[in-house]
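The values are calculated or read from the model by the stated rules, or taken from the named source; none is laboratory data. Treat the numbers as computed from the prediction; the structure is a model and nothing was measured. Here the Cβ positions follow ideal geometry from the backbone for every residue, glycine too, while neighbour counts run over all protein chains shown.
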Ligand code: NAD
């Protein structure tokens with residue numbers, strides 16, 4: 001992983017690359033490259049032993065031209081202002097590329113959650129929710145889970161907000177447990193859109209999914225579910241990794257069994273479906289048909305990109321390639337399906353959850369999955385149209401061309417005020 005790459009600079013570079021193909025004035029472009037506002041808070045929280053500890057937390061609201069700010073909340077030691085800004089920008093273009101009526105936001109706390117008890121995490125989360133309360137809301141900013149947060153944290157944030165506001169507002173946050181207003185299919189949604197994107201890309205590129213070899217970096221929510229859904233299409237998952245390293249079997253292994261093994265033991269290491277253990281770097285450079293980076297950003301830098309042997313890369317993680325890696329893979333004709341499409345299933349089903357909350361209605365899982373498929377397949381078709389008609393170098397630039405145009409149109413139709 002490259003230490004130097006700044007994800008916010010990567011985002012700005014991606015916007016510049018795509019804007020070159022569009023008729024966007026430099027002043028409007030500046031707006032598209034910077035967040036509207038960033039909340040920075042220091043949360044003073046009482047620990048179980050009575051000490052106070054201070055945690056740095058952020059919420060970036062990047063752009064609201066197309067609807068309420070939308071995006072996850074991450075708990076990780078590497079959370080930084082620039083990372084949150086970048087992730088919030090990617091959300092703007094993600095919601096635009098799949099054409100759901102949201103803007104983009106993102107939040108995070110600088111914390112290693114493994115070092116805290118559940119009651120400490122609850123107080124930390126409720127403290128953050130108290131800071132967020134004035135700037136979030138069903139029509140204002142709708143957070144969601146991200147790395148190291150899930151239904152539990154979303155339920156705490158909803159509860160804190162509702163108590164402070166003396167109301168019921170399940171649509172203030174998405175990714176909730178089903179009984180707290182969550183949606184069927186939300187947990188699998190990111191892996192599912194990764195699978196749909198891989199399926200459509202293989203079809204477009206005239207590649208056979210049956211028997212295709214697949215390596216997945218990061219076997220968490222997004223990666224492990226993408227793995228077994230792609231396996232269900234007939235592909236052969238041969239490698240998977242987590243932060244402890246990678247496992248490999250040239251003949252493939254059962255992706256669901258690997259997920260169960262990791263859930264039981266906390267790691268893939270020692271998984272008996274594998275014949276070999278290897279480093280994460282080895283996994284990323286395996287000679288496979290499909291590589292799915294599904295861990296954190298900047299997993300593949302310019303140097304490593306020269307050694308990537310996959311034909312197709314589908315980005316389940318946000319920002320897994322540095323801009324240099326992107327250039328190298330473009331030059332080497334590796335098809336990269338960008339994060340803003342491939343992992344948009346999470347935010348799309350979040351949108352379905354919000355719609356259900358607002359209608360006080362509950363959809364079946366089948367309906368959620370069908371609607372998600374329609375959104376991703378339609379978005380893929382829009383991307384291909386932009387790719388073929390704009391002479392852009394790669395699918396990422398095509399996705400940004402589609403997304404930026406939609407945001408610019410919404411901004412210009414509204415006009416600038418005050
Ligand atoms: P997660 O915490 O469930 O899983 C992350 C996995 O990556 C873990 O298995 C962890 O061990 C592994 N990992 C961490 N560092 C690694 C490294 N250096 N090498 C290999 N593996 C490593 O998180 P997630 O929800 O699956 O999110 C993963 C990525 O997908 C993030 O970039 C996130 O922003 C993105 N994403 C997730 C969702 C969602 O709905 N969960 C939606 C959109 C995007």
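Tabulated data
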item: Residues of the range 118-163 satisfying the condition of being in contact with a helix residue (DSSP H, G or I) (Cβ under 7 Å, 6 or more places away or on another chain) and assigned to a strand (DSSP E or B); result: 137, 142, 143, 144, 145
item: Selection within the range 326-347 - in a helix (DSSP H, G or I) and either more than 19 Å from the chain's Cα centre (by Cα) or within 17 Å of residue 140 (Cα to Cα) (or both); result: 327, 328, 329, 330, 331, 347
item: Only one of 126, 81, 140 that is buried (at least 19 other Cβ atoms within 10 Å of the Cβ) and away from the ligand (no atom under 16 Å from the Cβ); result: 126
item: Filter result for residue 348 (within 14 Å of the ligand (Cβ to nearest atom) and over 22 Å from residue 298 (Cβ atoms)); result: yes
item: In the range 41-60, the residues that are within 13 Å of residue 132 (Cα to Cα) and in contact with a helix residue (DSSP H, G or I) (Cβ under 7 Å, 6 or more places away or on another chain); result: 41, 43, 57, 58, 59, 60
item: Residue in the range 143-160 that is farthest from residue 116 (Cα to Cα), counting only those that are away from the ligand (no atom under 12 Å from the Cβ) and in contact with a strand residue (DSSP E or B) (Cβ under 8 Å, 6 or more places away or on another chain); result: 143
item: Scan of the range 320-360 for residues that are closer than 16 Å to residue 173 by Cα and free of Cβ contacts under 8 Å to residues at least 24 places away in the same chain, ordered by number; result: 355, 359, 360
item: Residue selected from the range 272-309 under the condition in a loop (DSSP other than H, G, I, E, B) and within 13 Å of the ligand (Cβ to nearest atom), by the criterion surrounded by the fewest Cβ atoms within 10 Å (Cβ to Cβ); result: 279
item: Hey, residue 120 surrounded by fewer than 24 Cβ atoms within 10 Å (Cβ to Cβ), touching a residue at least 60 places away in the same chain (Cβ under 8 Å) and within 22 Å of residue 50 (Cβ to Cβ) or not; result: yes
item: Hey, residue 335 within 30 Å of residue 92 (Cβ to Cβ), in contact with a helix residue (DSSP H, G or I) (Cβ under 9 Å, 6 or more places away or on another chain) and within 11 Å of the ligand (Cβ to nearest atom) or not; result: no
item: Test for residue 164: is it more than 13 Å from the ligand (Cβ to nearest atom), over 21 Å from the mean Cα position of the chain (by Cα), at pLDDT 95 or above and within 24 Å of residue 320 (Cα to Cα); result: no
item: Extreme residue, surrounded by the most Cβ atoms within 10 Å (Cβ to Cβ), among residues of the range 368-397 that are without any contact (Cβ under 8 Å) to a residue 40 or more places away in the chain and under 22 Å from residue 199 (Cβ atoms); result: 386
item: Residue match in the range 50-65 (condition: within 17 Å of the chain's Cα centre (by Cα), within 16 Å of the ligand (Cβ to nearest atom) and not in a strand (DSSP E or B)); result: no
item: Scan of the range 370-418 for residues that are closer than 23 Å to residue 63 by Cα and not in a helix (DSSP H, G or I), ordered by number; result: 415, 416, 417, 418
item: Counted residues, the range 200-256 - those being in a helix (DSSP H, G or I), within 16 Å of the ligand (Cβ to nearest atom) and more than 20 Å from residue 338 (Cβ to Cβ); result: 4
item: Failed item, numbered, when residue 54 is tested on (1) over 22 Å from residue 386 (Cβ atoms); (2) at pLDDT below 95; result: (2)
